[in-house]
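One structure is given below, encoded as structure tokens.
The values are calculated or read from the model by the stated rules, or taken from the named source; none is laboratory data. This one's a predicted model, so the numbers in the text were calculated from it and none came from an experiment. With ideal geometry, Cβ positions are generated from the backbone for all residues, glycine too; neighbour counts draw on all protein chains shown. Each accessible area value is taken on the protein alone, full model and side chains, heavy atoms only, with ligands, DNA and RNA left out. Shrake-Rupley method; radii C 1.70, N 1.55, O 1.52, S 1.80 Å.
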Amino acid sequence: MATPDFIRTIRADAGRQLLWLPGVSAVVFDDDGRLLLGRRADTGNWAILAGMPEPGEQPAACAVREVYEETAVHSVAERIVLVRAMPAHTYPNGDICQFMDVTFRCRAVGGTARVNDDESLEVAWFDIAALPHLPEHDLLRIEHALSEEPTWFEPAP
């Protein structure tokens with residue numbers, strides 16, 4: 001994920017310390033029930049599409065924007081399927097971030113999947129029964145996007 005300018009500005013004052021940030025993930029399905037994934041340029045791993053809202057940007061608009069920016073696929077956000085505080089992550093440069101992830105189930109409505117920016121090495125559609133290796137948190141997002149259950153969140157203790 002490219003670092004937005006507003007984060008660079010904050011980092012100039014905050015240094016490498018933990019930043020608590022909003023994050024949005026998009027679990028995108030086509031009309032055949034296939035899932036759109038990107039193989040990340042920073043890790044080489046396949047993953048759900050994700051990004052950070054710009055200041056003032058609505059989460060659903062961010063999800064749709066990120067999907068298009070990364071894959072050239074037009075989509076619509078259908079519903080929130082999961083809200084979760086992710087574990088803190090330390091990037092190779094030493095920056096520490098922790099994201100509050102809002103995951104949307106999205107439906108593809110146009111475009112042809114292709115690498116559309118420098119954040120992905122590949123993008124592709126996958127049958128649910130033939131997914132590449134994915135991190136556990138992405139599998140949880142997919143599980144809830146496939147479910148018709150209410151939005152998932154970690155219950156209060």
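Here are the numbers for this structure:
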{"read-out": "L18 in contact with a strand residue (DSSP E or B) (Cβ under 9 Å, 6 or more places away or on another chain), open to solvent by 70 Å² or more (accessible area, probe 1.4 Å) and hydrophobic (A, V, I, L, M, F, W, C)", "value": "yes"}
{"read-out": "All positions within segment 137-157 that are aliphatic (A, V, I, L, M), free of Cβ contacts under 8 Å to residues at least 12 places away in the same chain and not in a loop (DSSP other than H, G, I, E, B)", "value": "L139"}
{"read-out": "Hits in segment 91-108 (condition: at pLDDT 95 or above, open to solvent by 40 Å² or more (accessible area, probe 1.4 Å) and more than 17 Å from L35 (Cα to Cα))", "value": "I96, Q98, M100"}
{"read-out": "Residue, farthest from A2 (Cα to Cα), within segment 118-135, restricted to residues that are of a type in the set (D, E, K, R) and at pLDDT 95 or above", "value": "D127"}
{"read-out": "Options T3, T43, T9; residue that is farther than 30 Å from G110 by Cβ, of a type in the set (V, I, T) and modelled with pLDDT under 95", "value": "T9"}
{"read-out": "Segment 113-136, subset among the aliphatic types (A, V, I, L, M) and in a helix (DSSP H, G or I), residue most open to solvent (accessible area, probe 1.4 Å)", "value": "A129"}
{"read-out": "Pairs, first touching a residue at least 60 places away in the same chain (Cβ under 8 Å) and closer than 16 Å to A124 by Cβ in segment 56-77, second assigned to a helix (DSSP H, G or I) and open to solvent by less than 40 Å² (accessible area, probe 1.4 Å), C-beta under 9 Å, six or more apart", "value": "none"}
{"read-out": "For G44: the one exception among (1) over 22 Å from L19 (Cβ atoms); (2) open to solvent by 30 Å² or more (accessible area, probe 1.4 Å)", "value": "(2)"}
{"read-out": "Filter result for the condition that a residue is open to solvent by less than 30 Å² (accessible area, probe 1.4 Å) and over 27 Å from I7 (Cα atoms), over L35, L49", "value": "L35"}
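Yes/no matrix, rows are residues, columns are (1) out of contact with any strand residue (DSSP E or B) (no Cβ under 7 Å at 6 or more places or on another chain); (2) farther than 18 Å from F29 by Cα:
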{"site": "A50", "(1), (2)": "no, no"}
{"site": "Q58", "(1), (2)": "yes, yes"}
{"site": "H74", "(1), (2)": "no, no"}
{"site": "V81", "(1), (2)": "no, no"}
{"site": "H89", "(1), (2)": "no, yes"}
{"site": "L121", "(1), (2)": "no, yes"}
